[in-house]
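Heads up: the structure comes next, in structure tokens.
The values are calculated or read from the model by the stated rules, or taken from the named source; none is laboratory data. Fair warning: this is a prediction, and the values are worked out from it, not measured in the lab. For neighbour counting, all protein chains shown are included, and Cβ atoms are generated from backbone atoms with ideal geometry for every residue, glycine included. Ligands, DNA and RNA are stripped out before the accessible areas are found, and what is left, the full protein with its side chains, is counted by its heavy atoms. Shrake-Rupley method; radii C 1.70, N 1.55, O 1.52, S 1.80 Å.
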Amino acid sequence: MNKRIGELLIERGLIQQDDIKKALQLQQSVGGRVGAGLVRMGAISEDALLDALSAQLDIPIAQSGVSLPDASELYAFAKTAPIDINWCIDNRVLLWLADDNLNFISRDPLLPFIHEVINYHYPDAKLKPWLVSSHTLDILVDYIRKETSAERFFAEGSETKGLREMAEEAPVVELVNNIFAKAVAFNASDIHLDPQEEVFRVRLRVDGILQTQLEQPIDRYPAVASRVKLISEIDIAERRLPQDGRITTRVNGREMDVRVSTLPGVHGESIVMRLLPKDRKELSLETLGLESDHIALVRSLMQESNGIVLVTGPTGSGKSTTLYAALQEATDGTRKILTVEDPVEYQLPGITQVQAHAEIGYTFARALRAFLRQDPDVIMVGEIRDVETAQIAIQSALTGHLVLSTLHTNDSLSAFTRLIDMGVEPFLVAAPIKAVQAQRLVRKVCKHCAKPAAHIPDSIVAEFASLNSPVEPRWVEAVGCAVCNNTGYSGRMGIYEIVPISSELHDMIVENVPVAEMRKLARSQGHRNMYQDGLIKAAKGLTTVEEVLRTTSMDIE
């Protein structure tokens, strides 16, 4: 039986037993192999380690100019090999044929993953691994990376130049500018550029509904896509991978931030642009659509010194906007307010806003840890996505901070089940949460063409009557005119369900009872669901019953 590398190195008098203990501790914290840890600690040289590994594993050491081909030969083989050269570069694996063997070197030639990939592409080859120093491997891989990049540059250089020239042509610039202008004129939230087999479509999301505005021949699409990518500082030549960019522009006299996302498809890249106006005068609780009792409840929650307030709902339901409006209420100059978002959609005065960058390890959880050293009073977390973020948010709330965040659930009370499913203990879920809110966006009827509703079902009338609302019903229906682009609707508003956590609900959460039971308790305590809140708005003539049913059918009990 082969000795362990640590035992072999001790026998050779190269290290001490204490070095092994330290290397094992390092391995537990950062991973990797014990030998690499010893080299990192400075306990042993890499050459000495390679000699020992060669003896232990019976694997020879590759040496430049002797058993190892030069860099140009390795690059020539990599270019013609069935394994993707980018995979070889990323995994630091180099191959060559010699003496009827398929030879290879890598950072760790024992990794099963590397053997599986090579055997898949060379099922009949006789595989022979070699050990190599990190310095030699780095030089060879860097050479191949540079050669690959240079070849790609020269191959794509003329094509990229052509795309840039097309993107700068006056008709293309004018078409893209017109698309932005039309989107702002229609108050669209998103622009979708969708390439098809023969045409590409320009669609605008207006009041939550996609509307086709333009169709053009597909041969014009590369120039249009390149124009959008150029102004959003996205790599024009890259069409194989998704990319994200940002544009700051002025359209129809309005300053806009535009988030751009590209996604490779069969017929070309799908491009979606999210329009974010910089002027957000409507950011107040009154203009979002909250009823007076809900406004009073939110304002009282924002005066809490600690705890968690969760806003739930699907993507695009206005959760972030609600939190921004709530933060506006809390911004009185006496409290330190910090937010971590991905991305920061709107900049609010008097608040410190932080952009998360998961790609460099700056996650919500990591930002939250830093926040606690900034002496905050109120913390907003863009979204609770994992158990680590949830636990730090709960810890923050339990140590004297008011935490606002969002969660993706269908209704407010499902938030507890979602957190428990993430791995948070039920008693920790129940302890800090002050209230949960769910919301949807419904379209408002066009004031220019709406007319009184001809008929309202008896079940709707009875449900509204059970709410004991002081509103005198003025049910309306959508018609459609030139002002609303014949949709019958113009603008959107929120419908809400807000449930403060009573002592009874607290006990139910700790006992992890079914959500249906918690809903019954909330109804008995006088908290209306989104469907009922929508009926109040429909009775006011702000929207239609059909729109409320379309948005909240899942909430009818």
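Counting only residues that are out of contact with any Gly (no Cβ under 9 Å at 6 or more places or on another chain) and in contact (Cβ under 8 Å) with a residue 40 or more places away in the chain, which one in the stretch 107-121 is nearest to residue 138 (Cα to Cα)? Break it down into steps so the answer makes sense when it comes.
Restricting attention to the stretch 107-121, the residues satisfying the condition of being out of contact with any Gly (no Cβ under 9 Å at 6 or more places or on another chain) are 107, 109-121.
Then keep just the ones that are in contact (Cβ under 8 Å) with a residue 40 or more places away in the chain; that gives 109-110, 121.
Numbers: 109: 15, 110: 18, 121: 24 Å.
Taking the candidates together, the pick is 109.
Looking only at residues in the stretch 281-297 that are modelled with pLDDT under 90 and open to solvent by 50 Å² or more (accessible area, probe 1.4 Å), which one is farthest from residue 540 (Cα to Cα)?
First, the residues of the stretch 281-297 that are modelled with pLDDT under 90: 281-289.
So of that shortlist, the ones also open to solvent by 50 Å² or more (accessible area, probe 1.4 Å) come out as 281-282, 286-287.
Values: 281: 24, 282: 20, 286: 15, 287: 15 Å.
Out of the qualifying residues, it is 281.
Could you list, in sequence order, the residues of the stretch 511-527 that are under 22 Å from residue 418 (Cβ atoms) and either open to solvent by less than 60 Å² (accessible area, probe 1.4 Å) or free of Cβ contacts under 8 Å to residues at least 60 places away in the same chain (or both)?
513, 514, 515, 516, 517, 518, 520, 521, 522, 523, 525, 527 - these are the residues of the stretch 511-527 that are under 22 Å from residue 418 (Cβ atoms) and either open to solvent by less than 60 Å² (accessible area, probe 1.4 Å) or free of Cβ contacts under 8 Å to residues at least 60 places away in the same chain (or both).
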Requested in this report: Considering each of 535, 542 in turn, give the residue that is touching a strand residue (DSSP E or B) at 6+ places or on another chain (Cβ under 8 Å) and in contact (Cβ under 8 Å) with a residue 60 or more places away in the chain.
Outcome: 542
Query raised in the report: in a helix (DSSP H, G or I), within 23 Å of residue 145 (Cα to Cα) and touching a strand residue (DSSP E or B) at 6+ places or on another chain (Cβ under 9 Å) - does that describe any residue in the stretch 88-100?
Result: yes
Report summary line: Given (1) open to solvent by less than 60 Å² (accessible area, probe 1.4 Å); (2) of a type outside the set (Lys, Arg); (3) more than 32 Å from the chain's Cα centre (by Cα); (4) under 30 Å from residue 424 (Cα atoms), residue 496 misses just (3)
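Go through the stretch 178-192 and give me each residue that's of a type in the set (S, T, N, Q) and touching a residue at least 60 places away in the same chain (Cβ under 8 Å). Full working, then the answer.
Taking the stretch 178-192 first, the residues of a type in the set (S, T, N, Q) are 178, 187, 189.
Once the filter is applied, which keeps residues that are of a type in the set (S, T, N, Q) and touching a residue at least 60 places away in the same chain (Cβ under 8 Å), the stretch 178-192 yields 187, 189.
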Report summary line: If we keep only residues of the stretch 132-170 that are modelled with pLDDT of 85 or more and hydroxyl-bearing (Ser, Thr, Tyr), then the residue farthest from residue 85 (Cα to Cα) is 133
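Got a number for residues in the stretch 73-106 being hydroxyl-bearing (Ser, Thr, Tyr) and either touching a residue at least 24 places away in the same chain (Cβ under 8 Å) or open to solvent by less than 50 Å² (accessible area, probe 1.4 Å) (or both)?
The first filter runs over the stretch 73-106 and keeps only residues hydroxyl-bearing (Ser, Thr, Tyr), leaving 75, 80, 106.
Retained after the next criterion (residues that are either touching a residue at least 24 places away in the same chain (Cβ under 8 Å) or open to solvent by less than 50 Å² (accessible area, probe 1.4 Å) (or both)): 75, 106.
Of the residues in that region, 2 qualify.
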Query raised in the report: Applying the selection to the stretch 426-443, what residues are open to solvent by less than 70 Å² (accessible area, probe 1.4 Å) and either under 30 Å from residue 482 (Cβ atoms) or part of a helix (DSSP H, G or I) (or both)?
Result: 426, 428, 429, 430, 440, 441, 442, 443
Query - Residues (closer than 18 Å to residue 186 by Cβ, open to solvent by 60 Å² or more (accessible area, probe 1.4 Å) and touching a residue at least 24 places away in the same chain (Cβ under 8 Å)) located in the stretch 455-484 - result: 483
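Give 233, 165 a once-over and let me know the one that is farther than 20 Å from residue 265 by Cα and in contact (Cβ under 8 Å) with a residue 12 or more places away in the chain. Step through it out loud before you land on a result.
Working: 165 fails: in contact (Cβ under 8 Å) with a residue 12 or more places away in the chain.
On inspection, the qualifying residue turns out to be 233.
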Report summary line: Counting only residues in the stretch 202-221 that are part of a helix (DSSP H, G or I) and open to solvent by 30 Å² or more (accessible area, probe 1.4 Å), the one farthest from residue 494 (Cα to Cα) is identified as 219
Query raised in the report: residue 249 versus (1) within 23 Å of residue 552 (Cβ to Cβ); (2) touching a residue at least 24 places away in the same chain (Cβ under 8 Å); (3) of a type outside the set (A, V, I, L, M, F, W, C): which is the lone unmet condition?
Result: (1)
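Consider residue 199 carefully, then state whether it is open to solvent by less than 30 Å² (accessible area, probe 1.4 Å) and either of a type in the set (A, V, I, L, M) or touching a strand residue (DSSP E or B) at 6+ places or on another chain (Cβ under 7 Å) (or both).
Values: open to solvent by less than 30 Å² (accessible area, probe 1.4 Å): no; either of a type in the set (A, V, I, L, M) or touching a strand residue (DSSP E or B) at 6+ places or on another chain (Cβ under 7 Å) (or both): yes.
No: the conditions fail for residue 199.
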Query raised in the report: When residues of the stretch 455-476 are filtered for being part of a helix (DSSP H, G or I) and among the small types (Gly, Ala, Ser), how many remain?
Result: 3
Requested in this report: List the number of the failed condition for residue 188; all other conditions in (1) open to solvent by less than 70 Å² (accessible area, probe 1.4 Å); (2) of a type outside the set (Asp, Glu); (3) over 24 Å from residue 441 (Cβ atoms) hold.
Outcome: (3)
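Looking at 505, 549, which is the one that is in contact with a Leu (Cβ under 8 Å, 6 or more places away or on another chain) and modelled with pLDDT of 90 or more?
Working: 549 fails: in contact with a Leu (Cβ under 8 Å, 6 or more places away or on another chain).
Going through 505, 549 in turn, the sole match is 505.
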Report summary line: Those residues of the stretch 44-63 which are open to solvent by 60 Å² or more (accessible area, probe 1.4 Å) and of a type in the set (Asp, Glu) amount to 47, 51, 58
Requested in this report: Kindly check whether there is at least one residue in the stretch 446-454 that is at pLDDT 90 or above, within 24 Å of residue 312 (Cα to Cα) and either surrounded by 15 or more Cβ atoms within 10 Å (Cβ to Cβ) or more than 32 Å from the chain's Cα centre (by Cα) (or both).
Outcome: no
Report summary line: Counting only residues in the stretch 236-264 that are out of contact with any helix residue (DSSP H, G or I) (no Cβ under 7 Å at 6 or more places or on another chain) and in a loop (DSSP other than H, G, I, E, B), the one nearest to residue 357 (Cα to Cα) is identified as 242
**Report entry** Residue in the stretch 284-291 that is of a type in the set (A, V, I, L, M, F, W, C), touching a His at 6+ places or on another chain (Cβ under 9 Å) and within 27 Å of residue 181 (Cβ to Cβ) present
**Finding:** no
Query raised in the report: What are the residues in the stretch 263-280 that are in contact with a Ser or Thr (Cβ under 6 Å, 6 or more places away or on another chain) and open to solvent by 50 Å² or more (accessible area, probe 1.4 Å), if any?
Result: 263
**Report entry** Matching option when the condition is assigned to a helix (DSSP H, G or I) and open to solvent by 20 Å² or more (accessible area, probe 1.4 Å), among 305, 300
**Finding:** 300
